[in-house]
Structure formats: structure tokens, C-alpha cells
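The values are calculated or read from the model by the stated rules, or taken from the named source; none is laboratory data. Values in this document were obtained by computation on a predicted structure and should not be read as measured data. Using ideal geometry, Cβ is built from the backbone for each residue, glycine included, and neighbour counts are taken over all protein chains shown.
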Amino acid sequence: MTIDQQDRGTRIREIWPSVARVPAVASLGKLLNNTIVLAPLGWLLMSGVYFGKVLPIVGVRYRLTDKRIMILRGWKGAISQQVILADIDDVQLDPASVDNFFRSADLKVISNGAVAMTLTAVPDAESFRHAILDARNAWVPGKVKQLPFIAAK
């Protein structure tokens, strides 16, 4: 393991954004998919964006480690943006971005009261949101929000 890999931390979860990341293609693909005759054209159109996520220049993925959340680009995974877990106050799901067709939504990472990073078109966004918050709570001392104790009756 190189020093760079060690500095990035241990990978907890890595996901690739859905086709909804490109709204024009996603909207046209959904529209064509509602027809019987033009559905294959919609699939072909959306497949370019779907498989484009692994291309060297335009490929994007989101990686959660025990130290940070990162947006990686390209095959080598160059970090384009990152937020250290200790700096995360909250992660919010943007209700306006929920797409039931692609089962995805945008996540906003809140740091110091402002949006530090937006993860676009995250598949199963609520699950990834909880993974980020759980990682923060597990790896950053003092960030766990204590709930009041409720005794059983």
C-alpha cells in the first residue's frame, strides 16, 4: 500500500451516480421509455450515459472512507472534491431531486452550516446518507449526537 492510498483511508463504500446525473438525457430516456416503439431508442440513449461513468475523462464515482467522503473522476480516481468526516455536520437528501424512475436523489453534505459538497444522482440515496453519517459517528470522536435516555415502563 502506498502512502497516497493510506492517506485516503479505508474504503467503506463506493457508488456510481445514476443516469439522472445528466438531466437532459434522463428526461428524454424516460419519455421514450413510456412508449412501446421508441423504448429501445431510449435505452440506447441512456446506455451512453450509464456506461460513460467508467470512461477515463468523464467517469465519476463517490467514495466513502473512514476519513472522508470524496468525488473521484477518471479511471485512476483523481480526487475532484472531498470533505473530511470530522467536518461533516449533517447530510441532507434534496427532496426536489428525488427520481423514482432511476431511484436516485441528490445528497448535500453540510459543513459549518453551509453546503460543502453535493453528490448528484446518488442511487439509493437514503442508504448512502446513513452510511456517511454512521461513518462519521463511528470514526470521529465527539460527533455522535446523544439522544435523551427514555426508560422502559
Could you list all residues from the range 102-125 that are over 13 Å from Asp90 (Cα atoms), surrounded by fewer than 17 Cβ atoms within 10 Å (Cβ to Cβ) and not basic (Lys, Arg)? Asp124
Can you tell me how many residues in the range 94-136 are closer than 14 Å to Ile71 by Cβ and either in a helix (DSSP H, G or I) or charged (D, E, K, R) (or both)? 4
Go through (1) surrounded by 15 or more Cβ atoms within 10 Å (Cβ to Cβ); (2) within 23 Å of Ala24 (Cβ to Cβ) for Val83 and report which single condition fails. (2)
The residue from Ala86, Ala105, Ala96, Ala39 that alone is farther than 13 Å from Ala121 by Cα and without any contact (Cβ under 8 Å) to a residue 24 or more places away in the chain is Ala39
Counting only residues that are touching a Phe, Trp or Tyr at 6+ places or on another chain (Cβ under 7 Å) and of a type in the set (Asp, Glu), how many does the range 109-128 have? 0
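Anything in the range 71-80 that is over 21 Å from Asp124 (Cα atoms) and either touching a strand residue (DSSP E or B) at 6+ places or on another chain (Cβ under 6 Å) or surrounded by 18 or more Cβ atoms within 10 Å (Cβ to Cβ) (or both)? List them, or say none. Quick ask: steps written out before the conclusion?
Of the range 71-80, the ones over 21 Å from Asp124 (Cα atoms) are 74-80.
Once the filter is applied, which keeps residues that are over 21 Å from Asp124 (Cα atoms) and either touching a strand residue (DSSP E or B) at 6+ places or on another chain (Cβ under 6 Å) or surrounded by 18 or more Cβ atoms within 10 Å (Cβ to Cβ) (or both), the range 71-80 yields Ile79, Ser80.
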Applying the selection to the range 39-70, what residues are modelled with pLDDT of 85 or more, buried (at least 18 other Cβ atoms within 10 Å of the Cβ) and either among the acidic types (Asp, Glu) or in a helix (DSSP H, G or I) (or both)? Gly42, Met46
